[in-house]
2 protein chains.
Amino acid sequence: MTNTEVLIKDPFWHSYSELVRQTVIPYQWDALNDRVKDAEPSYSIRNFKIAAGLEEGEFGGWIFQDSDLYKWLEAVAYSLRHHPDSELENTADAAIELIGKAQHDNGYLNTYFTIQEAGKQWTNLYEAHELYCAGHLIEAAVAYYQTTGKRYLLDIACRFVDLIESLFGREPGQMPAYCGHQEIELALVKLYEVSKEERYLNLSRYFIDERGQKPEYFIEEWERRGRTTIWNKGKPNLEVYQAHLPVREQSVAVGHSVRAVYMYTAMADLARLTNDSELLEACKRLWNNTTHKQMYITGGVGATHLGEAFTFDYDLPNDMAYAETCASIGLIFWAKRMLKLEANSEYADVMERALYNNVLGSMSKDGKHFFYVNPLEVWPEASEKNPDKRHVKPVRQKWFGCSCCPPNVARLLSSLNDYIYDVSNGGKAVYVHLFIGSDIRFETVAGGKVTITQQSEMPWNGKVQFNITMPGTTNELFELALRVPDWSHSKNPILKVNGEVHPYQVEKGYAKIERNWADGDTIEWMLSMDTQLIAAHPHIRANIGKTAIQRGPLVYCIEEADNSAPIAALSLAENLDLSNHFASDILGGCEIIEGNALIEDQDWSEERSYRPLQKNKKETRFRAIPYYLWGNRKTGEMSVWIRYSHSN
Amino acid sequence: MTNTEVLIKDPFWHSYSELVRQTVIPYQWDALNDRVKDAEPSYSIRNFKIAAGLEEGEFGGWIFQDSDLYKWLEAVAYSLRHHPDSELENTADAAIELIGKAQHDNGYLNTYFTIQEAGKQWTNLYEAHELYCAGHLIEAAVAYYQTTGKRYLLDIACRFVDLIESLFGREPGQMPAYCGHQEIELALVKLYEVSKEERYLNLSRYFIDERGQKPEYFIEEWERRGRTTIWNKGKPNLEVYQAHLPVREQSVAVGHSVRAVYMYTAMADLARLTNDSELLEACKRLWNNTTHKQMYITGGVGATHLGEAFTFDYDLPNDMAYAETCASIGLIFWAKRMLKLEANSEYADVMERALYNNVLGSMSKDGKHFFYVNPLEVWPEASEKNPDKRHVKPVRQKWFGCSCCPPNVARLLSSLNDYIYDVSNGGKAVYVHLFIGSDIRFETVAGGKVTITQQSEMPWNGKVQFNITMPGTTNELFELALRVPDWSHSKNPILKVNGEVHPYQVEKGYAKIERNWADGDTIEWMLSMDTQLIAAHPHIRANIGKTAIQRGPLVYCIEEADNSAPIAALSLAENLDLSNHFASDILGGCEIIEGNALIEDQDWSEERSYRPLQKNKKETRFRAIPYYLWGNRKTGEMSVWIRYSHSN
């Protein structure tokens, strides 16, 4: 990959990156400092102060609380890339200094063990998240170094990694172990990429390959601890931690979904950087299982809150979904790595699906409220009164005791420019994965500096335009590869070059045009944005007889604010007469979809709950809004999947 | 009520009482003695032996394990009523002797505290089930005394009650308390009815009225215990235990469903025996809430496994249902008491619904396997692999660690004769609640001894016949009140007396014929048994767009053994063409229902799970079987509620 720079200038996404910059980052800083009223405290900064000896007190929050600060710093680093802000940078520098003070002389850094369990370090890899936190420290350090050029946090991270490298491995005296929560594996790859130090790559590969080997380390250390655990009960469940099999032998996504996708991300990185075809095959098997059989239409993964986990193929209950925000973010990380292995639009389709639906929907329009769980069907009274659905919140929360998701959203949205393009073969080809208005500057094989300006009205409109500028040169040979999204398959997109319809060939989901591009060339890429009714695989029991509405990358839902409750009584009419228009007065402006529906008979004068069936239906209109905007009005029912009528 | 005797002679039910007598009772005796291979041990007899000083060892099983033996003894007592069996009686006598040996000199009797926590008696009313076990001891003792005339167990019970009476109350030195699991309240009423000792009735009323008073006893004793609990976490949840409000002020069924219905049963008893109109009103309010808004069509109650509890109105998920067998049995107890308060067929309708569906379905055809949870929709793979559905077993179990349900089924089925009739006003009227072939012998107001022989082909056929015999007299005046079941409302039942159609008036759901009946009179009561499609209240989200099939008292279901999976893909066709016939080769012989259905398109060549909707349907036939017979063939999917097609 050549020296490439991407700058987002998108009307839709710009508001989000600005929200992250102006609201989310400052708000989360307040949260980390326990200054958000009526929200669960984070304790994160306070823990570092105590560990640094600057305050007295007990450790607060989860054992992995340090990672929230690291993720915030990573988001700050991305934000500073394009929005220098000396005040914010000073705040971050001060936080980094605090982190440095909490580091032990030998490089060890973890406030929980420093404050609460001195001497117990590394005795519970299964649960204690020490390497996980180290991973987030590394990611933050790499990002902060890349943006600011400041090495202080990177040095802290490297000192810790030096310690870790000495402790873990198959040499005598080392621990043949790995973390209960995968994260350091992908972080070490980033550290390798920024430093080119092979040993970081080797350590990552060691953790990946040690996982699932016999004898089972988690069981052995559990025995050594006298069979004690922190919060899990009984013998470690290896499947939950993806340690039931060597990772190269895994084919089915199991266990905690965030752990899984973080691990798969690192596997894809390693497959690429070490040309490991066995690892690549494992990645492909796991990708197919995850995205073909265990993914919600919104790009959410994880069907149960118990263990925040995958369950099994085609088990995707809408009202019990977990579909954790972090898991979709991890899926996006993974998709990005798969794209680097193979430019196949399937990966970008999933990336886009997860981004525009699950992830975007996790944050409120004000950037201060978040969903941890992203259900596809909500009945607020059930969330309140049926304990099975306690995890399904009908309203975004201010902060969480376990607040992994909000800073994860912040770091993703503020680094979104990394996900739009890939420049491959040393500048031979430019892949456009996402249609997000932006400038990409890159070098061609011949060394020419080219800027492509993408203009997009996505997600509301399917017309995308690219303008090519190449200061100091007039012609450059490269291939432009435009993704043909899965949602545009019904009508072939139209390609125009300089206003003329231009033929193209599609290879692995990308329309490819290789030519000597000239300064001033324009490319139009016109994607059909018809509203589509989508069916789910017939083995997904929850969706049989139902359809979801999709328009472009956006999955739609019906909400009680627009439709009468119970919204499950609504079904799409045979004579659907769908229409869509941009409603500037709804939810800050969005494309809404309306059509004919039928409402199941609601007249029920009897006291009792059962009576002979009367097939009475009333005609009505329904209104659907983009899923990502749900839950921003009054609390009410919501559903993505809607029953449809059909003639026999 | 006069001296009345009822003997079941029903082809359908006789096989069940014989199953209980010949199989369930001996099998459960083996279970109580830990002799059932591959089943969880009961420890019940062993605990009594240890408590009696006959064996050494630790207490085994749940804290309320004693109650299993008591419930077994109660079932034995009912069985011996009509089937004297000296060997069984000897076995029971020996068990009773063992119980006596485990009793303390002061009357105290509970093997858990005797073995495990001597000195801790009565310190945890909230969880420890001491009064609950005492209640089952009382019920067993009353039943055993009524059948055999032997007082030994009754004396044990009375000694224990004497102790309890001295300990509980509002006098100085007494505990102003009640049990965490209601049961003794209804048992003390039985003890009153057999002994006519008012103090037992008063003690029952005391427990009922103390419940929910301030200060909250469960919280106080929790504080005294240093805030420790056995298995619950944190501060006692009063709503789960129906102790959140004085019972007279309660209107909504909340909390653990078995506790609730046992309590409501005692409340109805007390309302009747003490002419307490306030308590009666509370019973009616709670009845209406429970059966109109929180009951499954199968007569199951309890929508969540978490706390085995009610959730809220119209929240009745089919695939997550708890619908515990014991809760439906308690509902039957309660319905029987409500019928004594007021002969209203609504109570008998619910009694019949719970009996023929939830309760009957809980036991396998072989009498050796039981459901604790009775779901209305099962996907076996989800039960195995989605931890949210771990409680929903697709196959009946041999025995349970917490084995409250199997002995409860046994005692209900062996005392079913008590539920068929009520003779009221000293022999002035005979109410027929259930259409179960049987003889009832009773005395009229005039002192005449009348036998009514009921012949019924229920649940397969709607024709019921009654023959009246009155040895030594030729005419007796009394009213015969025949229930008009809720499922026969669409066509008025036809009544014939001595072969002639006879007019009748319906009062509160009973067809009443008062006349001077003559020896040899015959009454025919012809109930329509049309197959009905049933709709659920539109607020029950889970059932919108679906229908259930009912024929007579039986709710039907579709099973994978007869229909292809996923059975959710099946919907009833517009042109339904329903037919039913008795299939002697299916499940030991049952009336099956068949009709036209549509199957959602199962062709799916794509790897991914989502694609544009194609409304392809295939025509097929479906077969439904009675719900109570589900799960007796190969493991597979099952559903009570089925989607239906409809024209716009």
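The values are calculated or read from the model by the stated rules, or taken from the named source; none is laboratory data. Note that this is a predicted model, so its numbers are computed, not measured. Heads up, the Cβs are rebuilt from the backbone with ideal geometry, glycines too, and the neighbour counts pull from every protein chain shown. Note: accessible area is taken over every heavy atom of the protein model, side chains too, but ligands, DNA and RNA are not part of it. Shrake-Rupley method; radii C 1.70, N 1.55, O 1.52, S 1.80 Å.
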Would you work out the charge dipole size for the protein assembly as shown about its Cα centre, treating the Cβ of every Lys and Arg as +1 and the Cβ of every Asp and Glu as -1, and quote it to the nearest 20 debye?
-> 540
Please list, in chain and number order, the residues 5+ apart from residue B:177 or on another chain whose amide H is under 5 Å from its amide H, with Hs placed from the backbone.
-> B:169
Quote the FRET efficiency, to the nearest 0.05, computed for residue B:249 versus residue B:342 with a Förster distance R0 of 30 Å and r equal to the Cβ-Cβ distance.
-> 0.90
Could you tell me which of A:561, B:187, B:631 has its Cα farthest along the dipole of the protein assembly as shown towards the positive end, charges placed at Cβ (Lys, Arg +1; Asp, Glu -1), taken about the Cα centre?
-> A:561
The long-range amide H neighbours of residue A:478, using H built 1.01 Å from N in the peptide plane and a cut-off of under 5 Å, are A:515, A:517
Per residue, in Å², the accessible surface of segment B:334-467 once ligands and nucleic acids are set aside, probe 1.4 Å | 26
For residue B:428, inter-copy label distances in nm, listed shortest first [label point 7 Å out on the Cα-Cβ vector] | 10.2
Other copies of residue B:605: label-to-label distances in nm, shortest first, labels 7 Å along the beta-carbon direction | 5.5
Determine the alpha carbon to alpha carbon distance for each of A:365/A:634; A:150/A:196; A:615/B:615; A:284/B:389; A:365/A:398 and list only those over 19 Å.
-> A:615/B:615; A:284/B:389
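Report the charge-dipole magnitude of chain B in Debye, nearest 20, computed about the Cα centre from +1 at each Lys and Arg Cβ and -1 at each Asp and Glu Cβ.
600
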Say the dipole of chain B comes from +1 at the beta carbon of Lys and Arg and -1 at that of Asp and Glu; which of B:201, B:572, B:246 then lies farthest toward its positive end?
-> B:572
Shielding by partners for A:379-390, please: the mean number of other protein chain Cβ atoms within 10 Å of each residue's Cβ.
-> 5
Hey, what's the per residue convex hull volume over the C-alpha atoms of segment B:420-526, in cubic angstrom?
-> 90
Length gained if residue B:498 through residue B:82 is fully extended, taking 0.36 nm per residue and subtracting the Cα-Cα distance, is 146.7 nm
Distance between segment B:196-254 and segment B:561-618 - C-alpha centres, whole angstrom | 49
So, in nm and shortest first, the distances from residue B:515 to its counterparts in the other copies, with label points 7 Å along Cα→Cβ, work out as 10.0
Accessible area of residue A:379, 1.4 Å probe, to the nearest 10 Å²?
-> 40
For chain A, just say rounded, prolate or oblate: build the C-alpha gyration tensor, square-root its eigenvalues into a ≥ b ≥ c, call rounded for a/c under 1.5, and beyond that prolate if a/b exceeds b/c, oblate if not.
-> oblate
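How large, in percent, is the carbon and sulfur part of the accessible surface of the protein assembly as shown at a probe radius of 1.4 Å?
Heavy-atom surface of the protein assembly as shown belonging to carbon and sulfur, 1.4 Å probe: 46 percent.
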Positive minus negative residues near residue A:340 (Lys, Arg vs Asp, Glu; Cβ under 12 Å) = -2
For residue B:213 and residue A:602, what does the FRET efficiency come to when R0 = 25 Å and r is the distance between their Cβ atoms, rounded to the nearest 0.05?
-> 0.05
Considering the dipole of chain B built from charges on the beta carbon (Lys and Arg +1, Asp and Glu -1) around the Cα centre, which of B:376, B:455, B:279 is farthest to its positive end?
-> B:376
Average accessible area per residue (Å²) across segment B:1-131 - probe 1.4 Å, nucleic acids and ligands excluded = 42
Can you give the accessible area buried between chains B and A, summed over both chains, with a 1.4 Å probe, in Å² to the nearest 100?
-> 6000
Projected label distance in nm at residue A:446 and residue A:199, using a 7 Å step from Cα toward the beta-carbon = 4.5
